[in-house]
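Novice: Structure below; questions to follow.
Where a number appears in this text, it was derived from the coordinates with a stated rule and is not lab data. This structure is a prediction, so every number in the text was calculated from the model and none was measured. Because the Cβ atoms are built from the backbone with ideal geometry, glycine has one as well, and the counts that use them run over all protein chains shown.
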Amino acid sequence: MATAKSNISIVGERSASPSPGRTTSGANSVSASDLASTRRRVVDAQNISLTFETADGRVDALSNVNLQVAEGDFVSFIGPSGCGKTTMLRVIADLQQPSSGSLLVNGMTAEQARLARAYGYVFQAPALFPWRTIEKNLKLPLEIMGYTEFEQQQRVERYLAMVNLTGFERKFPWQLSGGMQQRVSIARALSFDPALLLMDEPFGALDEIVRDHLNEQLLHLWKSTGKTVLFVTHSIPEAVFLSTKIVVMSPRPGRIIDIIDCDFPVDRSVEIRETPEFLKVAQRVRNGLRAGHSYDE
């Protein structure tokens with residue numbers, strides 16, 4: 001059985017990068033993506049395209065997407081609604097199959113990675129069973145995977161503690177706030193210690209104050225576990241605050257129009273959002289989103 005990697009620190013891996021907002025296209029610059037090339041690739045997508053038929057006709061969801069994600073990275077996908085952010089996440093999770101291109105997840109095909117349970121998935125809604133307690137919701141994937149009762153209990157205690165919900169084991173989902181329910185969903189996704197965490201806009205329905213608090217908690221969780229995270233969001237401040245790399249996507253068909261490295265200190269708080277460095281990266285994301293709309297003109 002895999003064990004939790006709570007002692008892994010990723011601070012030193014990015015500390016050598018000179019400044020935030022460096023792009024992967026700079027000819028003479030040293031960026032986080034250059035440093036990432038020395039780490040194992042968790043996701044390697046080459047020329048991914050996806051077309052599917054609907055009742056209204058053909059939909060080109062993704063077009064020639066190329067993306068490499070290194071171990072320990074926090075990568076956010078941002079773009080207009082319907083641009084293929086969630087679709088790309090689902091392709092990586094093997095919940096949808098691309099029409100063309102190649103994809104490796106942890107060195108395996110996406111299907112092999114899914115069967116090996118190499119990732120955890122956090123959906124937009126917490127998706128907790130209302131008739132099961134918080135403890136039993138966390139135990140569900142562990143039961144399916146054949147963990148012993150002792151191992152299940154250990155993992156429930158460990159991951160509820162990670163998301164600051166110790167003492168809520170016997171509560172039911174309807175007795176928790178929306179933010180607390182989403183933290184349970186994150187704990188459940190981490191409970192079997194996957195190498196990769198996929199998060200599809202998990203805080204989008206929450207108010208700004210709760211969202212900021214959960215952003216800080218997620219950053220601490222990422223630092224303490226060393227997981228690789230792929231995160232879908234519509235929020236520019238959220239993407240810049242959380243990420244080591246921001247993938248800016250165009251309107252459908254989804255294409256990557258910019259990849260921006262963020263090299264802010266790992267031990268940062270939301271106050272960093274007022275700094276000139278943060279605002280500079282946020283402006284670059286905003287410019288990329290505006291430029292992307294030129295595809296529709």
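Novice: I need the phi-derived Karplus couplings for segment 198-210: 6.51 cos²θ - 1.76 cosθ + 1.60, θ = phi - 60°, integer Hz, Gly and Pro marked x.
Specialist: Karplus values, whole Hz, x for Gly and Pro: 9, 10, 9, 6, x, 10, x, 8, 9, 6, 4, 5, 5.
Novice: To continue, here is another question. FRET efficiency for residue 56 and residue 172, Cβ-Cβ distance as r, R0 = 45 Å, nearest 0.05?
Specialist: Calculated value: 0.65.
Novice: Right, here's the next one. Just the number, please: percent antiparallel of the DSSP beta bridges in the chain, rounded to the nearest 5.
Specialist: Bridges in the chain are about 55 percent antiparallel.
Novice: Between 178, 226, 79, where does the largest GNM mean-square fluctuation fall for the chain, given springs only between Cα atoms within less than 10 Å?
Specialist: Residue with maximal mean-square fluctuation among 178, 226, 79: 178.
Novice: What does the charge add up to near residue 234, with Lys and Arg as +1, Asp and Glu as -1, over the other residues with Cβ less than 10 Å from its Cβ?
Specialist: So the surrounding residues net to -1.
Novice: Sort 38, 133 by Cβ crowding within 10 Å, fewest neighbours at the top.
Specialist: Going from sparsest to densest Cβ surroundings: 38, 133.
Novice: For the pair residue 210/residue 144, report the inter-label distance in nm, with labels modelled 7 Å from Cα in the Cβ direction.
Specialist: 2.5 nm
Novice: Write down the percent of antiparallel bridges among all DSSP beta bridges whose residues are both part of segment 191-297, to the nearest 5.
Specialist: Roughly 50 percent of the beta bridges in segment 191-297 run antiparallel, per DSSP.
Novice: Once R0 is set to 22 Å, what does the formula 1/(1 + (r/R0)^6) return for the Cβ-Cβ distance between residue 270 and residue 124, expressed as a FRET efficiency to the nearest 0.05?
Specialist: 0.50
Novice: Please check: in the Gaussian network model of the chain (C-alpha springs, under 10 Å), which one of 275, 233, 86 has the largest mean-square fluctuation.
Specialist: For the chain, modelled as a Gaussian network with Cα springs under 10 Å, the answer is 275.
Novice: Which of rounded, prolate, oblate describes segment 99-150, given a ≥ b ≥ c as roots of the alpha-carbon gyration tensor eigenvalues and a/c under 1.5 marking rounded, otherwise prolate only if a/b is larger than b/c?
Specialist: Judged from the Cα gyration tensor, segment 99-150 comes out oblate (a/c at least 1.5, b/c at or above a/b).
Novice: Taking the Cα-to-Cβ direction at residue 132 and at residue 151 and moving 7 Å from each Cα, how far apart do the two end points lie in nm?
Specialist: 1.7 nm
Novice: How many nm separate the modelled label positions at residue 100 and residue 46, each set 7 Å beyond the Cα in the direction of the Cβ?
Specialist: In this crude spin-label approximation the distance works out to 1.5 nm.
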